[in-house]
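Written below as structure tokens is the structure these notes are about.
The values are calculated or read from the model by the stated rules, or taken from the named source; none is laboratory data. Quick caveat, the model's predicted, so the values are computed rather than measured. No Cβ is skipped: glycine too gets one built from the backbone with ideal geometry, and neighbour counts run over all protein chains shown.
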Amino acid sequence: MRDKGFKGSRVQGFKSSRVQGFKGSRVESFEDLNVYKQARELTNKIYEITRQGSFLKDYGLVDQIRRASVSIMSNIAEGFERGTNNEFIQFLYIAKGSCGEVRAQLMIAFDQKYINENTYKSLVDHCRRISGMISNLITYLKGSKFKGSKFKRPPRKTMAEEINEILQQIRKGQNER
């Protein structure tokens, strides 16, 4: 999947109801979400850098930054599996907070010279992209009429029904004048 985000996408449901994915792909589980894939990639990079040099010996920071990066993935997964948009949004906010936590810890690692400037900038940029993707997904979910797989999908209106509804609103507005 070559998706770079969620802008303009149409999420239609979760789990068994299938999520219309981004740029035409189908999402059936959290593993299919591009934001989850990006969070997984970040977590793997965090584990890689924390296995090197003097960083490895700073047990507290290693533990904290690993937990924070794992938290991003875990909260996306758990929120998705809850089956409601409101719960998913709640967990996405927690994942977004964990992105900030990872960025703060990367700054500490950079200040302590555990990582070089290029690594620092690259990982911080990765965190910011993930945070932006989460924000876009939250915005979409907040505006979605479908509330999740635990709920019945709202019936679709035909074009004629939608036009009649608009005409009724126009007539109502004219009669109120």
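Things to note:
- Ala95 being small (Gly, Ala, Ser), surrounded by 18 or more Cβ atoms within 10 Å (Cβ to Cβ) and over 12 Å from the mean Cα position of the chain (by Cα): no
- Residue in region 148-160 that is in contact with a Lys or Arg (Cβ under 7 Å, 6 or more places away or on another chain), over 18 Å from Arg40 (Cα atoms) and at pLDDT below 95 present: yes
- Hey, Ile89 assigned to a helix (DSSP H, G or I), within 21 Å of Tyr36 (Cβ to Cβ), of a type in the set (Val, Ile, Thr) and modelled with pLDDT of 80 or more or not: yes
- Residue count, region 112-138 (criterion: surrounded by fewer than 13 Cβ atoms within 10 Å (Cβ to Cβ) and assigned to a helix (DSSP H, G or I)): 3
- Only residues that are surrounded by 18 or more Cβ atoms within 10 Å (Cβ to Cβ), touching a residue at least 40 places away in the same chain (Cβ under 8 Å) and among the β-branched types (Val, Ile, Thr) were counted across region 62-88, and they come to 3.
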